[in-house]
Amino acid sequence: MNTPASQIATGLALYDRTAMDAAAAVIARYSTSFGLACRLLGPRPRPHVRNVYALARVADEIVDGPAWEAGLSAEQAAGVLDRLEEECLAAIDQGFSGNLVLHAFARTARECGIGPDLVGPFFASMRVDLQVSRHDTASHDTYVYGSAEVIGLMCLQVFVNAGARHPVTPSPELADGARRLGAAFQEVNFLRDLQDDRARLGRDYLDLASPGDRAAVLDRIDRDLAAAARVIPDLPADCRRAVTAAHDLFAELAARLRATPHDETRVRVPDAVKARLAMRAMLGFAPRGAHA
């Protein structure tokens, strides 16, 4: 059946919809696991979370290889990243960008209360990837905050505020859980990508000197996942299943990393296990470790 002409989006509404479609396309191309979890979100937060992750993905690509493949030097890539941040902040301020991904993110940021206090640390960590090849404890913690914990906080702003008339500040308990879940995700990815980060990108995020150091990272991941699991039930109902599925997927990855002492092969979760974890979340089961 044809859509009545009066219901066809035009002007800014059409541009908004196109921008959100562009953000969704970015996520669909880059992350099947994230796409699976995102489909478990309700329609209220789903497009906004896609918008957040699309911006993060574009920034990642500037510092993780495609810019170099296009012939850019590190200095030129840094300039592209600087301009992206400037355009992002301007889009949040003005409510419009000629970059569709930035426009989608700005729409989310304005509705959900995401400001420079979160955007700034994210871009600072992306910039570090062009400057630092080996991290110590202090630089590691700062990097993880900007690259992962603030993404958790941005998503929390979406979970609490999407569709609201005025954004509010989430509780400290939810904010702590969001930060720790983001940190756990990042640490798992550091361990999974250890060899590739060293060989292809020349980066060492963890500076593991002994098997005991690796075990300590896994212990930290387990503590962060357990802390996050305890507050997931306090999220809005249309977010809990998706966050539970993502949490449990990374808990499964952490368990497989602990059972695999060597890092030559990238640990993954078979599709059948992913489907089981997603179904478990869909049925409303609490996240793994929620009562630990």
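Length available on full extension from Arg256 to Arg29: 0.36 nm per residue minus the Cα-Cα distance, which gives 79.2 nm. Here's how it looks for Asp204: its modeled amide H is under 5 Å from those of Arg134, His135, which are all 5 or more places away or on a different chain. Largest GNM mean-square fluctuation among His140, His48, His262, using the chain with Cα springs under 10 Å: His262. Remark on the stretch 217-292: hydrodynamic radius 12.9 angstrom, per the Kirkwood mean of 1/r across alpha carbon pairs. Computed from phi, the 3J(HN,Hα) profile of the stretch 96-102 under the Karplus parametrisation 6.51, -1.76, 1.60 (θ = phi - 60°) reads 7, 8, x, 8, 4, 5, 5 Hz, with x in place of Gly and Pro.
About the Cα centre of the chain, how large is the charge dipole given +1 on each Lys and Arg Cβ and -1 on each Asp and Glu Cβ? Please answer in debye to the nearest 20.
Working: 33 positive and 37 negative charges, 260 e Å.
About 1240 debye.
Between rounded, prolate and oblate, where does the stretch 150-200 land on the alpha carbon gyration tensor, with a ≥ b ≥ c its root eigenvalues, rounded for a/c under 1.5, else prolate if a/b exceeds b/c? It is prolate, given that a/c is not under 1.5 and a/b is the larger ratio. Between the C-alpha center of the stretch 128-153 and that of the stretch 229-267 there is a gap of 21 Å. Once you have the alpha carbon radius of gyration of the stretch 146-292, what is it after dividing by 2.2 N^0.38 Å, with N set to its residue count? With N residues counted in the stretch 146-292, Rg over 2.2 N^0.38 Å equals 1.09.
Semi-axes, largest first, in whole Å: what does sqrt of 5 times each Cα gyration tensor eigenvalue give for the stretch 68-146? Mind showing how you got there, number by number?
Numbers: eigenvalues 123, 64, 12 Å².
In descending order the semi-axes read 25, 18, 8 Å.
Rule-based calculations on the coordinates, nothing more; no lab input. None of the values given here were measured: they were computed from a predicted structure. We place every Cβ from the backbone using ideal geometry, glycine too, and count neighbours over all the protein chains shown.
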